[in-house]
Amino acid sequence: MTSDIPTVTQLTPFGPTDSTGQPMFAVNPGIPAEDALAQVSLLLGYAHATAYEIADSDATYDKAFARAGLPLLTKAKALVDACV
């Protein structure tokens, strides 16, 4: 059985761009997919912990803290996208 899922990452730019439109960040090509997906697991765990703490707290947080998990999710998505 042949799988269409690559075993290594592809170049995948993500995140904010500079004034010329060039992405500031990218997943490098050739990283073993298993390693990339292990990082996804960590990033999603961090994002989950951040969201849980915000939701479970009695304190009122500003928007900056509430958005703290977004870069983690952006990186996780880029890693997954680079693997498929």
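The values are calculated or read from the model by the stated rules, or taken from the named source; none is laboratory data. Keep in mind it's a predicted model, so treat the numbers as computed, not measured. Positions of Cβ are backbone-derived with ideal geometry, glycine not excepted, and every protein chain shown enters the neighbour counts.
So, in region 13-36, of the ones that are within 23 Å of R67 (Cα to Cα) and in contact with a Leu (Cβ under 8 Å, 6 or more places away or on another chain), which residue ends up surrounded by the fewest Cβ atoms within 10 Å (Cβ to Cβ)?
Checking each candidate, the answer is A26.
Output the residues belonging to region 44-65 that are part of a helix (DSSP H, G or I) and surrounded by 10 or more Cβ atoms within 10 Å (Cβ to Cβ).
In the first step, residues of region 44-65 are kept if they are part of a helix (DSSP H, G or I); the result is 44-56, 63-65.
Residues satisfying the conditions are L44, G45, Y46, A47, H48, A49, T50, A51, Y52, E53, I54, F65.
Quick test for you: out of P29, P13, P71, pick the one residue that is modelled with pLDDT of 95 or more and not in a loop (DSSP other than H, G, I, E, B).
Numbers: P29 fails: not in a loop (DSSP other than H, G, I, E, B); P71 fails: modelled with pLDDT of 95 or more.
Result: P13 is the single residue among P29, P13, P71 that is modelled with pLDDT of 95 or more and not in a loop (DSSP other than H, G, I, E, B).
Scan region 4-19 for residues that are hydroxyl-bearing (S, T, Y) and closer than 18 Å to D35 by Cα and jot them down. Please lay out each step first, then the result.
From region 4-19, those hydroxyl-bearing (S, T, Y) are 7, 9, 12, 17, 19; that's our starting set.
If the condition is that a residue be hydroxyl-bearing (S, T, Y) and closer than 18 Å to D35 by Cα, then T7, T9, T12 are the ones that fit.
Listed residues S19, S3; which is out of contact with any strand residue (DSSP E or B) (no Cβ under 8 Å at 6 or more places or on another chain), on the phi < 0 side of the Ramachandran plot and at pLDDT 95 or above? Talk me through it step by step, then tell me what you get.
Values: S3 fails: at pLDDT 95 or above.
Sole residue among the options that is out of contact with any strand residue (DSSP E or B) (no Cβ under 8 Å at 6 or more places or on another chain), on the phi < 0 side of the Ramachandran plot and at pLDDT 95 or above: S19.
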